[in-house]
Amino acid sequence: MQEKLTPRELEVLQLIVQGKTTKEVARLLGITFKTAACHRQRLREKTGTINAAALVLFAVRSGLVHEGRSPTALLPKREGLNDRFASLSEAISRSRILRQQSRVARSEFREAKEAMFDGV
């Protein structure tokens, strides 16, 4: 590797290793498709690879990723950051649960309404 990878490039690399497409990377990181594509291109340039498969191979051979460890594990720890991510993760989980409960409630409401009017 000729140039050091930035923290954002390490994040993108981790997502590529997980098999994410450019569109998925953009959505997960809250960036535009074009920005995600630029990150991928810079990764390929910095690592001298030509595609995602070669990037994954490079990441594994370089020790940037292996089973149970992500490139972000190589980043310096920042106080409080893990707590904020944990809080965000919990909020997202609660949001998903509430959406599911809402779907169930709407479905039950529709069924009850249909049953009520079926006898009329």
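With the condition kept exactly as written, say whether any residue in the range 29-38 is in a helix (DSSP H, G or I), modelled with pLDDT of 85 or more and hydroxyl-bearing (Ser, Thr, Tyr). Give the derivation first.
Restricting attention to the range 29-38, the residues satisfying the condition of being in a helix (DSSP H, G or I) are 29, 33-38.
Keeping just the survivors that are modelled with pLDDT of 85 or more gives 29, 33-38.
Next cut, hydroxyl-bearing (Ser, Thr, Tyr) only: 35.
Looking through the range 29-38, at least one residue is in a helix (DSSP H, G or I), modelled with pLDDT of 85 or more and hydroxyl-bearing (Ser, Thr, Tyr).
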Could you tell me which residue of the range 52-95 is modelled with the highest pLDDT, considering only residues that are β-branched (Val, Ile, Thr) and surrounded by 12 or more Cβ atoms within 10 Å (Cβ to Cβ)? VAL56
Which residues, counting only those in the range 18-51, are crowded, with 18+ Cβ neighbours inside 10 Å and of a type in the set (A, V, I, L, M)? VAL25, ALA26, ALA36, LEU43
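Residues that are more than 14 Å from the chain's Cα centre (by Cα) and free of Cβ contacts under 8 Å to residues at least 24 places away in the same chain: does the range 12-30 have at least one? Give the steps one after another, and end with the answer.
At the first step, the residues of the range 12-30 found to be more than 14 Å from the chain's Cα centre (by Cα) are none.
No - not one qualifying residue is present in the range 12-30.
The values are calculated or read from the model by the stated rules, or taken from the named source; none is laboratory data. Note that this is a predicted model, so its numbers are computed, not measured. Glycine also receives a Cβ, built like all others from the backbone with ideal geometry; neighbour counts cover every protein chain displayed.
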